[in-house]
1. Show the residue pairs meeting these rules: Cβ distance below 6 Å; 6+ apart or different chains; first residue within segment 117-142 and outside the structural domain of K56 (by TED's automatic domain parsing); second residue surrounded by fewer than 13 Cβ atoms within 10 Å (Cβ to Cβ).
2. Take E35 and tell me if it is outside any helix (DSSP H, G or I), acidic (D, E) and closer than 27 Å to P85 by Cα.
3. Is at least one residue of segment 14-29 surrounded by 12 or more Cβ atoms within 10 Å (Cβ to Cβ) and of a type in the set (S, T, N, Q)?
4. When only residues in segment 99-142 that are under 21 Å from the mean Cα position of the chain (by Cα) and surrounded by 13 or more Cβ atoms within 10 Å (Cβ to Cβ) count, which is modelled with the highest pLDDT?
5. Looking at E42, E79 in this structure, which one is modelled with pLDDT under 80 and over 30 Å from D133 (Cα atoms)?
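The values are calculated or read from the model by the stated rules, or taken from the named source; none is laboratory data. Since we're looking at a predicted model, the values are computed, not measured. Glycine also receives a Cβ, built like all others from the backbone with ideal geometry; neighbour counts cover every protein chain displayed.
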Amino acid sequence: MSGPFFKWAHDEERLAENIAETVRQAAPKRIRNRERGYTAEEAVVVLKACRGYEPKADEFGRVHEPPESVAAKRWAPVETWASTPAEINLAVLGHVKKLTAMSGNPEPKRSGPTKEQRQANVAAGLDPDFDRDGLARLRSMR
């Protein structure tokens, strides 16, 4: 914290020299509680998870998911090992956007409660900005 201050003071000609220019603080080494990488048991769990996706059937035993979508959800091990969780999340979101665009029926973008919902929330003595329909949609995704 003092380093940038002394640099600023020197740059602004308030100090003749930057006395903190050569000061360095050694960073402590990171302590590892285990070896890097996956254990054999963890690797088996990850491989089973990335290859074992099965589409869900409805109450009549019919699967409504196209085979291409099922195949896309079965990740190859190389893709899984080489991806960070953020990259996997982006890939899934991109896949959902692609499927939505292909269906030709994208869901409308909502940014909070509707005017009617706001009025109903106020009348019920609730927070008018809370999107209760959005919460219900999230709960139905389980």
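1. Qualifying pairs under 6 Å: P128/V122; D131/G112.
2. Here the answer is yes, as E35 does meet what is asked.
3. First, pick out the residues of segment 14-29 that are surrounded by 12 or more Cβ atoms within 10 Å (Cβ to Cβ): 15, 18-20.
With of a type in the set (S, T, N, Q) added as a condition, the list becomes 18.
There is at least one residue in segment 14-29 that is surrounded by 12 or more Cβ atoms within 10 Å (Cβ to Cβ) and of a type in the set (S, T, N, Q).
4. L99
5. Every option except E79 fails the conditions.
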